[in-house]
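What follows is a short report on a single structure.
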Amino acid sequence: MAALCSYNVHTMAITSDMIIADVLRAYPETEMVFRKRLKGECSSCPGSDKEDISFGARMHNVSPEALVAELNAAVKDRKSRK
C-alpha cells in the first residue's frame, strides 16, 4: 500500500523529502530524470513508495540537491510548453 503524502505535490516545488512514487504520479515528466540520474526504473522499484528523493539520491551516489533541481526544471519546462 502506498504511503499517504502529507503535502500537496501539485501546488509546490519538488523537495528532497518527497516520496519518489508521489512525485512520479504527480509529475510523469520527471521519470526521465529519475532514470538518467538514478540509473533505473524508479516507477517499478518497490522502495519508491516509501523512500524519499534524498534517500534514493544518496543510495545512487547522486547529490540530492542536484537531483531536486533537475526534477523541478523538468516540471517547469513542461509547464512552459503548455
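For a quick size check, give me the Cα extents of the range 27-81 along its three principal axes, largest first, whole Å.
For the range 27-81, the Cα extents along the three principal axes come out at 32, 22, 17 Å.
Summing +1 for each Lys or Arg and -1 for each Asp or Glu, what net charge is found among the other residues whose Cβ lies under 14 Å from the Cβ of I14?
Neighbourhood net charge equals -3.
Subtract the Cα-Cα distance of E31 and S63 from 0.36 nm times their separation in residues, and report this length gain in nm to one decimal.
Here the segment from E31 to S63 would lengthen by 9.8 nm.
Quick note: the coordinates plus some simple rules give every number you see, no bench work behind them. Quick caveat: nothing in here was measured; it's all calculated off a predicted structure. No Cβ is skipped: glycine too gets one built from the backbone with ideal geometry, and neighbour counts run over all protein chains shown.
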